[in-house]
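Visitor: Shown below is the structure under consideration.
The values are calculated or read from the model by the stated rules, or taken from the named source; none is laboratory data. No experiment lies behind these values; they were computed from the predicted model shown. All Cβ positions, even for glycine, are placed from backbone atoms using ideal geometry, and neighbour counts span all protein chains on display.
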Amino acid sequence: MLEVDIKKRLRDFDLRLKLDIDRGKTLMLVGDNGCGKTSLLNLVAGLDSPDEGRIALDGLALFDSEKKINIPPEARGIGYVFQSYALFPHMSVYDNVAFGLRTRKMPADEIDVLVKEHLDRAGLWDVRKAKAADVSGGQKQRIALARALIIEPRLLLLDEPLSALDVRKQATMRRELKESIRACGVPCIIVTHDLRDVVSMGDFACLLERGKIALKGGAEEVIAWGSGQDDVGDLH
Amino acid sequence: MLEVDIKKRLRDFDLRLKLDIDRGKTLMLVGDNGCGKTSLLNLVAGLDSPDEGRIALDGLALFDSEKKINIPPEARGIGYVFQSYALFPHMSVYDNVAFGLRTRKMPADEIDVLVKEHLDRAGLWDVRKAKAADVSGGQKQRIALARALIIEPRLLLLDEPLSALDVRKQATMRRELKESIRACGVPCIIVTHDLRDVVSMGDFACLLERGKIALKGGAEEVIAWGSGQDDVGDLH
Amino acid sequence: MSGDSNQEHKCIGRAVAIPSRSREIALKACLGLLLTLAMAFIALPVIALFLRSPLDTILGTLHDPVVIDALRLSLMTSTITTFTVVIMGTPIAYVSARFNYWGKELADSLIDLPVIMPPAVAGIALLVAFGRMGLVGHYLNTTFGISIAFTTLAVIIAQVFVSSPFYIRQARTSFEDVDLSLENAARTLGATRVYTFIHVILPIAMNGLISGAIMAFARSLGEFGATIMFAGNFQGRTQTMPLAIYTAMQGDLDVSLCLSIILVAFSFVVIVSVKTLTRKVYKRC
Amino acid sequence: MSGDSNQEHKCIGRAVAIPSRSREIALKACLGLLLTLAMAFIALPVIALFLRSPLDTILGTLHDPVVIDALRLSLMTSTITTFTVVIMGTPIAYVSARFNYWGKELADSLIDLPVIMPPAVAGIALLVAFGRMGLVGHYLNTTFGISIAFTTLAVIIAQVFVSSPFYIRQARTSFEDVDLSLENAARTLGATRVYTFIHVILPIAMNGLISGAIMAFARSLGEFGATIMFAGNFQGRTQTMPLAIYTAMQGDLDVSLCLSIILVAFSFVVIVSVKTLTRKVYKRC
Amino acid sequence: EEQKELTVFTAASLTGAFGEIGGIFENETGMTVAFNFDGSQALRTQIENGAYTDVFASANKKQMNAVKDAGLINNSSMIVFTKNKISLIIPKDNPAQINNLSDLARPGVKIVMGTKDVPVGDYALQIINKLGNDSAYGPDYKTKVLENVISEETNVNYVVTKVALGEADVGFAYVSDITEDLAGKVDKIDIPDEFNVIGEYPIAVMNESKYPAESQEFVNLVVSDEGKAVLLKYGFTPV
Ligand SMILES: Nc1ncnc2c1ncn2[C@@H]1O[C@H](COP(=O)(O)OP(=O)(O)OP(=O)(O)O)[C@@H](O)[C@H]1O
Ligand SMILES: Nc1ncnc2c1ncn2[C@@H]1O[C@H](COP(=O)(O)OP(=O)(O)OP(=O)(O)O)[C@@H](O)[C@H]1O
Ligand SMILES: [Mg+2]
Ligand SMILES: [Mg+2]
């Protein structure tokens, strides 16, 4: 279970929220551009530190301003898909995906099996030798996803993980992702702007507005908020 | 009218297609990741040169391998939203949007009026002084859009221009973009993976597969292709 | 799509080696120690120089017209040199970073040559090339009546010769690191190559350019061997601080050490202010 | 949302200044000319040197044991120096690129000092610090019986002192230019700081590091003033090529020019091969 | 009207003395004198490569003769104007306890001298040879002394600097190198004339001088009593 209760001063406003996510559950995070979704993920990942508060995973504190605990990101065991992918441009697609396993000192032959499996599934086997800088935008996003999932993290943070995928891949991925999160039983936060994601993958959803939770509940409630807008109504 | 008839060797396959787009018409370009959409836009923009063929805008050749014509990108008068935005990280949001007007030596006071108008519309006025590297992903995409539209180009190339926008902004933008393209009367190519874009903005659509046009026609036909997949059916 | 076989993962999360707190501290201590040692290695000789020279002697020599001449000349020539190197070197660095031309690799290595040459040899080389009897200087002299050697111009030429590689190399790598897609974006927005260069590429590479220019400036301030050979040692005309230091060494070691300290202190102040100033300007734009 | 007022634009497309073909050509011609001039400026002195020295004299001097000793010593010390500078300088450059610590600006400027000092002054400074009567050397001598000056070690110390700033500066800017988000990504994937440094940051900064290392190598190959002052001039022990060249210069200028050509040619070959080699290795990983 | 300027290329060891003589000359004639102080070898290289000068004052005959052989000087004007002797210099606190010439052969003594190609090194070698041939110093004197040499400097300054800093125990330098300012840091040990070598400093007017008369006047001033007094003050032995 992931518990988050933090406060952080951003440039334009304060981020201030309290969240619990059970194992195997997925929180869909939606909200306007610049409302603080990415900032929140960075705080949970340990790339940035809250001004005060507490973040705990399975009862163990990752961050605690009172007890002065701040576990470094490499020890938090997270799988993070960055909004801008943050692929290693000097490495091949293969090496990007294998990176997390190598840091864990897994034997090369085991790595090979796992990476092949993930690259196959993502449809990237053919471009495995290309430099990560030299593939298309959607291919980059798939690499980022595979790189985060292959390490079997204890916590998943996905920042708009499907936005650049083509129609076919998006559908498959949505299904696969959902199943694998449930099977793995780790808490998961997915940021998205696509209400179809919310419906199909989320156990519950959260609407962020200028750093605060404006709405929390089942997916349907958030959709209702969305359908105040004109052409989102298409969804139903 | 934009006429494209080109051939280009990519790393994994050949890009080879023929397209005409009338003034004020919008072509929606869809296709799997890595099928060559971005490569095509780069060729039209003049950032890369076809191996052979011809690209012409309003009868004037931008590229012609036979006549050895290759107009440099800065003289093609295009508005290009890059898939990865390509914002100038050292400039403020304001300066990014004003860039194209400054290259055209417009007086500063006129620039001011126009930029203010565009920033307001994109909801970026409050962050105008922030460095472009220091805003959220969706805000970056809005900057990229505003930067490309403000120069009133003779040809619009938009590479997934709405993918990172929040639900509210996406709906508004889709409507505004459509109207302003029609009013301006310039040919426009929009790459997207969201079939709602195809329905709401496109005059006609094109499905690319490994560099070749697999399907061309009204938006409905392409949607039909998409709905072979499971949850895209939601759309209807 | 395969992959459905994957759902039975145990998913305990792959073990991560948690870095112990003590290891982190040890690393920091190591780095701190290394930094301190390195600083000490550079600072100690400078401090030892200071300790040997009483302050009043230093202040006394500051009134000596020889010193004033030399300091003025040094600052002037080094400044002109740096500007020349930056103005000529920037386009050269950019061209070799972005374009391919015939003999590029050769040209690139050629640029390093002045660094390898011991300075006096560089001076002789300049003399046999641009001196009155030299390969080129010969023509300059007979055709135009121009004589370069042993003038203030010669000082600048010698300094440019020895210091330009330091700027060009650094500028080149900085240009190479600028993301090509930004250049592309600028051009689609109507910017010509030159406009793009000035408004996009230059500001992004600025950090490296400033750093390279400071190196070139420092190198030309300290330049001795090539200057004395090619420009001679004439007070007020070609006697820069390093030459004055050498000349003073003939009489009194202490005076020459005082001069060295003055040079070092002055340059230090100049470099620090240039650094803060340019960084400020650069941050603002 | 406002903006609906905007649809009445005339939309003829804002005029773009179409760069005329002739302007483009003029620009290219200018750049080409500049490049040629700059290359000529550097190449001419070198060529003039070559022209003065008949090839058989050069080949003849190659058999001289003095020359062989000096060449061997030069290559050895410069290689050791470069390795030392790279190994010590890389963490220092990284720390000053990424972390803030007390006195950082000062430390950063301190690193440039050795460049400003005329080499002979640098040598004196090293003597008064590490010589047997020196600030530190005094203790080393009385406590441990170690005497550094006038040994091969002193040659290396002098070279490290003068050449490390060139490496550290360039490495620092290269590290500063590495995107922080890549470092973040690596760490979320379980990489410790050290692992991230080795596998992500180092390869991305490699281009600049190689360039800086080549500069440092070149600078230490050409080093004369600090070496002769701190290490003395003793054949086989401290007489590097530049010292041999200066020694020969006192007797026979032609011999010393031949030696210079040998040094320049050798270094040129070494640098070009190091460059191609490291680039190849670096491309592969 | 342009100020007339006399250019004088002068061996670096004459820096102090000629600086003063130049001042006297300027006062007497109203001309300015521009000095180029550098090693004699460097000056010769510069002259051979087209450097313009009116007067050349060398620290040894070898460089002057080279310029003369190239036909660049007015032969009749050439004259030896001063001599210089070699002496041992030791740091004031004399760490190696050097008290006489035979101490040079004691193992472990750190000697610095010029390399054989610079006059001061050449002279030192000659002196060591002469001492070695003298029975009073023993047959292996020469080898022992040469074994103690830790550095062969290309410039007499470097010899003086190293001794003044106490980094070398003893060095061979010109008597004129031990200036008043240095007297507080070093002591000298005279070398008897029978072993010593006398260096000769020639001066000459150049053929291409634009001011031959004034140049000759300058040379005359150097060899005049007034000039001799200055040279004497700086430790030279004017002739
Ligand atoms: N810089 C590059 N160098 C070499 N090959 C590249 C580069 N960028 C992309 N490619 C390859 O060219 C092909 C076409 O890529 P392109 O970027 O045009 O695809 P796309 O249709 O835009 O895909 P997406 O929907 O993922 O953006 C792909 O096979 C891709 O891997
Ligand atoms: N590097 C930065 N430095 C300072 N402020 C930033 C930086 N990045 C983003 N911000 C600001 O912080 C706020 C929250 O940004 P954040 O990236 O968390 O938004 P987001 O919810 O992820 O938006 P999006 O949907 O557009 O990705 C915004 O006001 C944004 O402008
Ligand atoms: Mg975000
Ligand atoms: Mg694309």
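Rundown of residues vs (1) basic (Lys, Arg); (2) under 18 Å from A:Ala205 (Cα atoms), yes/no style:
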{"position": "A:Ile6", "(1), (2)": "no, no"}
{"position": "A:Asp20", "(1), (2)": "no, yes"}
{"position": "A:Arg23", "(1), (2)": "yes, yes"}
{"position": "A:Gly46", "(1), (2)": "no, no"}
{"position": "A:Phe63", "(1), (2)": "no, no"}
{"position": "A:Ile71", "(1), (2)": "no, no"}
{"position": "A:Ser92", "(1), (2)": "no, no"}
{"position": "A:Asn96", "(1), (2)": "no, no"}
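Visitor: Next question, about the same structure. I'm told B:Gly31 meets every condition in (1) surrounded by fewer than 22 Cβ atoms within 10 Å (Cβ to Cβ); (2) within 16 Å of ligand 1 (Cβ to nearest atom) except one. Can you identify the failing condition by its number?
Guide: Among (1) surrounded by fewer than 22 Cβ atoms within 10 Å (Cβ to Cβ); (2) within 16 Å of ligand 1 (Cβ to nearest atom), the lone unmet condition for B:Gly31 is (1).
Visitor: Mind counting the residues in the range D:90-122 that are under 19 Å from the mean Cα position of the chain (by Cα) and not hydrophobic (A, V, I, L, M, F, W, C)?
Guide: The total comes to 10.
Visitor: Go over the candidates C:Leu221, C:Leu243, C:Leu253, C:Leu257 one by one and state the one that is among the hydrophobic types (A, V, I, L, M, F, W, C) and closer than 21 Å to E:Thr7 by Cα.
Guide: Numbers: C:Leu221 fails: closer than 21 Å to E:Thr7 by Cα; C:Leu253 fails: closer than 21 Å to E:Thr7 by Cα; C:Leu257 fails: closer than 21 Å to E:Thr7 by Cα.
Checking each option against the conditions leaves just C:Leu243.
Visitor: Same structure again: If you go through the range B:113-157, how many residues are in a strand (DSSP E or B) and either within 16 Å of ligand 3 (Cβ to nearest atom) or in contact with a Pro (Cβ under 8 Å, 6 or more places away or on another chain) (or both)? Spell out how you get there, then give the answer.
Guide: So in the range B:113-157, the residues in a strand (DSSP E or B) come out as B:131, B:155-157.
Narrowing further to those that are either within 16 Å of ligand 3 (Cβ to nearest atom) or in contact with a Pro (Cβ under 8 Å, 6 or more places away or on another chain) (or both): B:131, B:155-156.
So the answer is 3.
Visitor: In addition: Mind checking whether some residue in the range B:48-57 is out of contact with any Pro (no Cβ under 8 Å at 6 or more places or on another chain), within 30 Å of B:Val199 (Cβ to Cβ) and within 16 Å of ligand 4 (Cβ to nearest atom)?
Guide: No, the conditions are met nowhere in the range B:48-57.
Visitor: Could I ask something else about it? Taking the range B:158-173, which residues are in a helix (DSSP H, G or I) and charged (D, E, K, R)?
Guide: Keep residues of the range B:158-173 that are in a helix (DSSP H, G or I), which gives B:167-173.
B:Arg168, B:Lys169, listed by residue number.
Visitor: Go through the range A:178-210 and count every residue that is more than 24 Å from A:Ala224 (Cβ to Cβ) and part of a helix (DSSP H, G or I).
Guide: Residues of the range A:178-210 more than 24 Å from A:Ala224 (Cβ to Cβ): A:179-187.
With the extra rule that they be part of a helix (DSSP H, G or I), the set shrinks to A:179-184.
Residues in the range A:178-210 being more than 24 Å from A:Ala224 (Cβ to Cβ) and part of a helix (DSSP H, G or I): 6 in total.
Visitor: Which ones in the range E:16-48 are closer than 23 Å to E:Asp117 by Cα and buried (at least 20 other Cβ atoms within 10 Å of the Cβ)? Steps first, answer last, please.
Guide: Quick first cut of the range E:16-48, residues closer than 23 Å to E:Asp117 by Cα only: E:36-48.
Those that are closer than 23 Å to E:Asp117 by Cα and buried (at least 20 other Cβ atoms within 10 Å of the Cβ): E:Asn36, E:Phe37, E:Asp38, E:Gly39, E:Ser40, E:Gln41, E:Ala42, E:Leu43, E:Arg44, E:Thr45, E:Gln46, E:Ile47.
Visitor: Taking the options A:Val167, A:Val191, name whichever one is in contact with a Leu (Cβ under 8 Å, 6 or more places away or on another chain) and within 16 Å of ligand 3 (Cβ to nearest atom). Step through it out loud before you land on a result.
Guide: On the way: A:Val167 fails: within 16 Å of ligand 3 (Cβ to nearest atom).
The unique qualifying residue is A:Val191.
Visitor: Of the conditions (1) closer than 26 Å to A:Leu177 by Cβ; (2) of a type outside the set (A, V, I, L, M, F, W, C); (3) more than 16 Å from ligand 3 (Cβ to nearest atom), A:Asp5 satisfies every one except a single condition; which number is it?
Guide: (1)
Visitor: Then there is this: What single numbered condition from (1) surrounded by fewer than 24 Cβ atoms within 10 Å (Cβ to Cβ); (2) β-branched (Val, Ile, Thr); (3) out of contact with any Cys (no Cβ under 7 Å at 6 or more places or on another chain) fails to hold for B:Ile181?
Guide: (3)
Visitor: With A:Ala171, A:Ala164 as the choices, which residue is within 13 Å of chain B (Cβ to nearest Cβ), modelled with pLDDT under 95 and within 24 Å of B:Leu40 (Cα to Cα)?
Guide: On the way: A:Ala171 fails: within 24 Å of B:Leu40 (Cα to Cα).
On inspection, the qualifying residue turns out to be A:Ala164.
Conditions tested, residue by residue: (1) closer than 23 Å to B:Gly137 by Cβ; (2) within 14 Å of chain B (Cβ to nearest Cβ); (3) within 16 Å of ligand 1 (Cβ to nearest atom); (4) within 14 Å of the chain's Cα centre (by Cα).
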residue	(1), (2), (3), (4)
A:Leu10	yes, yes, no, no
A:Leu27	yes, no, no, yes
A:Leu41	yes, yes, no, yes
A:Ala45	yes, no, no, yes
A:Ser49	yes, no, no, no
A:Ala61	no, no, no, no
A:Ser84	yes, yes, yes, yes
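Visitor: Looking only at the range E:189-206, how many residues end up being at pLDDT 95 or above and more than 14 Å from the chain's Cα centre (by Cα)?
Guide: Residues meeting the conditions: 3.
Visitor: Please give the number of the condition C:Ala120 fails out of (1) crowded, with 17+ Cβ neighbours inside 10 Å; (2) farther than 30 Å from C:Asp179 by Cα; (3) away from chain E (no Cβ under 13 Å); (4) in contact (Cβ under 8 Å) with a residue 12 or more places away in the chain.
Guide: Among (1) crowded, with 17+ Cβ neighbours inside 10 Å; (2) farther than 30 Å from C:Asp179 by Cα; (3) away from chain E (no Cβ under 13 Å); (4) in contact (Cβ under 8 Å) with a residue 12 or more places away in the chain, C:Ala120 violates only (3).
Visitor: Tell me, yes or no, whether the range E:54-71 has at least one residue that is among the acidic types (Asp, Glu) and either in contact with a Gly (Cβ under 8 Å, 6 or more places away or on another chain) or surrounded by fewer than 17 Cβ atoms within 10 Å (Cβ to Cβ) (or both). Talk me through it step by step, then tell me what you get.
Guide: First, pick out the residues of the range E:54-71 that are among the acidic types (Asp, Glu): E:54, E:69.
Filter once more, so that each one left must be either in contact with a Gly (Cβ under 8 Å, 6 or more places away or on another chain) or surrounded by fewer than 17 Cβ atoms within 10 Å (Cβ to Cβ) (or both): E:69.
Yes, that holds for at least one residue.
Visitor: Another question about this same structure. Please give the number of the condition D:Ile68 fails out of (1) at pLDDT below 95; (2) of a type in the set (Val, Ile, Thr); (3) crowded, with 18+ Cβ neighbours inside 10 Å.
Guide: For D:Ile68, the failing item is (3).
Visitor: For the range E:25-40, which positions are closer than 22 Å to C:Asp252 by Cα and touching an Asp or Glu at 6+ places or on another chain (Cβ under 9 Å)? Don't jump to the end; show me each part of the working.
Guide: Pass one, the range E:25-40, residues closer than 22 Å to C:Asp252 by Cα: E:34-40.
Residue satisfying the conditions is E:Ala34 alone.
Visitor: To continue, here is another question. Residues that are outside any helix (DSSP H, G or I) and either in contact with a His (Cβ under 8 Å, 6 or more places away or on another chain) or assigned by TED's automatic domain parsing to the domain that holds D:Asp254 (or both): does the range D:68-85 have at least one?
Guide: The answer is no; no qualifying residue exists.
Visitor: Oh, and also: Please specify each residue of the range D:164-183 satisfying the condition of being within 14 Å of chain A (Cβ to nearest Cβ) and either over 24 Å from D:Tyr195 (Cβ atoms) or touching a Leu at 6+ places or on another chain (Cβ under 7 Å) (or both).
Guide: D:Ser174
Visitor: Now for a separate question. Name, by its number, the condition in (1) assigned to a loop (DSSP other than H, G, I, E, B); (2) surrounded by fewer than 21 Cβ atoms within 10 Å (Cβ to Cβ) that does not hold for E:Ala168.
Guide: Just one mismatch for E:Ala168, condition (2).
Visitor: Let me ask something additional. I need the full set of residues from the range A:179-197 which are within 13 Å of chain C (Cβ to nearest Cβ), at pLDDT below 90 and under 25 Å from A:Gly36 (Cβ atoms), in order please.
Guide: Quick first cut of the range A:179-197, residues within 13 Å of chain C (Cβ to nearest Cβ) only: A:179-188.
Among the residues that remain, those that are also at pLDDT below 90 are: A:179-185.
Passing the criteria: only A:Ile181.
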